[in-house]
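Student: This is the structure I have questions about; it appears just below.
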Amino acid sequence: MENPGTRQEIKNMFAAIVERIKGLALKPAGEWGKINSEENGVRALGLGWILPLAAVPALASLIGYGVIGVSLGGFATLRDFSLGFAQAMVSLSVSVGAVFLIALAVDQLAPYFGAEKNFNKSLALVTYTWVPGWLVGVLNIIPALSVLVLLASLYGFYLMYLGIGPLKKVAPEKVLPYFASVVGVTILAFIVLGLIMTS
């Protein structure tokens, strides 16, 4: 029999996630202030945010490619469960790997911009900026709509721009160059991880 206390903890956790997502969507600057006051470590972010949310686009890819299928110019539909499974595994691996890789880069770049070197804050910054892309990743159920995931990810970059100052303790005049460096590292990380996965 399920413990009522456990059920309440799950409800509280779900409510906190919904509130965080609403804050990032509607009042991102204020939400970064709340995030900065929290002491989230690798375990809490990994199990509470990264793995569950990275699984959203991965499962959507599995359904999209493996069950619904991809239209081949209106002539036929490619529906292959093994292809869907491969897409899901690549999506999950790239998401999780990229978040940690980019967070490490954010932390290593910090001293060059007079920022605070703190991996937990770097991981929080990257994790929460990926939330829009992960959530909209549900559209991978219809592979033709997956381009919209890219648009949601652009909002993630805007979130990062707002959050990099408070979380990394960056002087206002150094926010833009630090942010630009992180964007460059993100693009490079995706190229490298993409090459590794496709090989």
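Student: Taking Ile187 and the conditions (1) under 20 Å from Ala55 (Cβ atoms); (2) open to solvent by 70 Å² or more (accessible area, probe 1.4 Å), which numbered condition does it fall short on, given that it satisfies the others?
Tutor: Every condition holds for Ile187 apart from (1).
Student: Okay, next question. Which count do you get for residues in segment 139-169 that are of a type in the set (D, E, K, R) and part of a helix (DSSP H, G or I)? Please lay out each step first, then the result.
Tutor: Our first condition is that a residue be of a type in the set (D, E, K, R); within segment 139-169, this holds for 168-169.
Going one step further and asking which of them are part of a helix (DSSP H, G or I), we end up with 168.
Here the count works out to 1.
Student: Separate question: On the basis of being out of contact with any Cys (no Cβ under 8 Å at 6 or more places or on another chain) and open to solvent by less than 50 Å² (accessible area, probe 1.4 Å), does Phe179 make the cut?
Tutor: On the way: out of contact with any Cys (no Cβ under 8 Å at 6 or more places or on another chain): yes; open to solvent by less than 50 Å² (accessible area, probe 1.4 Å): yes.
Yes: the conditions hold for Phe179.
Student: Let me ask something else. Against the definition (closer than 21 Å to Gly41 by Cα, open to solvent by 70 Å² or more (accessible area, probe 1.4 Å) and touching a residue at least 12 places away in the same chain (Cβ under 8 Å)), how does Leu92 come out, yes or no?
Tutor: So Leu92 fails the test.
Student: Whether any residue in segment 79-101 is more than 15 Å from the chain's Cα centre (by Cα) and farther than 19 Å from Ile142 by Cα is what I want to check.
Tutor: Looking for residues that are more than 15 Å from the chain's Cα centre (by Cα) and farther than 19 Å from Ile142 by Cα, one finds none in segment 79-101, hence no.
Student: Would you mention how many residues in segment 30-41 are within 20 Å of Gly156 (Cα to Cα) and in a helix (DSSP H, G or I)?
Tutor: The qualifying residues number 7.
Student: Now, a different point. Looking at Ala124, Ala152, Ala86, Ala105, can you tell me which residue is open to solvent by less than 30 Å² (accessible area, probe 1.4 Å), at pLDDT below 90 and among the small types (Gly, Ala, Ser)? Before the answer, list the steps.
Tutor: Details: Ala124 fails: at pLDDT below 90; Ala86 fails: open to solvent by less than 30 Å² (accessible area, probe 1.4 Å); Ala105 fails: at pLDDT below 90.
From the options Ala124, Ala152, Ala86, Ala105, the qualifying one is Ala152.
Student: Does any residue of segment 15-29 turn out to be charged (D, E, K, R), under 25 Å from the mean Cα position of the chain (by Cα), at pLDDT below 90 and assigned to a helix (DSSP H, G or I)? Walk me through it before giving the result.
Tutor: Residues of segment 15-29 that are charged (D, E, K, R), as a first pass: 19-20, 22, 27.
So of that shortlist, the ones also under 25 Å from the mean Cα position of the chain (by Cα) come out as 19-20, 22, 27.
Now drop any that are not at pLDDT below 90, which leaves none.
The answer is no; no qualifying residue exists.
Student: Take the residues of segment 7-51 that are farther than 16 Å from Gly165 by Cα and among the polar types (S, T, N, Q): which is least open to solvent (accessible area, probe 1.4 Å)?
Tutor: Asn40
Student: Whether any residue in segment 130-138 is assigned to a helix (DSSP H, G or I), farther than 22 Å from Gly84 by Cα and touching a residue at least 40 places away in the same chain (Cβ under 8 Å) is what I want to check. Walk me through how you get there before you give the answer.
Tutor: To start, the set of residues in segment 130-138 that are assigned to a helix (DSSP H, G or I) comprises 131-138.
Those left that are additionally farther than 22 Å from Gly84 by Cα: 131-132.
Retained after the next criterion (residues that are touching a residue at least 40 places away in the same chain (Cβ under 8 Å)): 131-132.
The answer is yes; a qualifying residue exists.
Student: Taking the conditions exactly as written (modelled with pLDDT under 90 and open to solvent by 60 Å² or more (accessible area, probe 1.4 Å)), does Gly74 satisfy them or not?
Tutor: Details: modelled with pLDDT under 90: yes; open to solvent by 60 Å² or more (accessible area, probe 1.4 Å): yes.
It is true that Gly74 is modelled with pLDDT under 90 and open to solvent by 60 Å² or more (accessible area, probe 1.4 Å).
Student: For Glu116, which of the numbered conditions (1) in contact with a helix residue (DSSP H, G or I) (Cβ under 7 Å, 6 or more places away or on another chain); (2) free of Cβ contacts under 8 Å to residues at least 24 places away in the same chain; (3) over 24 Å from Leu47 (Cβ atoms); (4) not aliphatic (A, V, I, L, M) fails to hold?
Tutor: Only one criterion is unmet by Glu116, namely (2).
The values are calculated or read from the model by the stated rules, or taken from the named source; none is laboratory data. All figures in this text were calculated on a predicted structure; none of them were measured in a lab. Heads up, the Cβs are rebuilt from the backbone with ideal geometry, glycines too, and the neighbour counts pull from every protein chain shown. Only protein heavy atoms, including side chains, enter the accessible area calculation; ligands, DNA and RNA are left aside. Shrake-Rupley method; radii C 1.70, N 1.55, O 1.52, S 1.80 Å.
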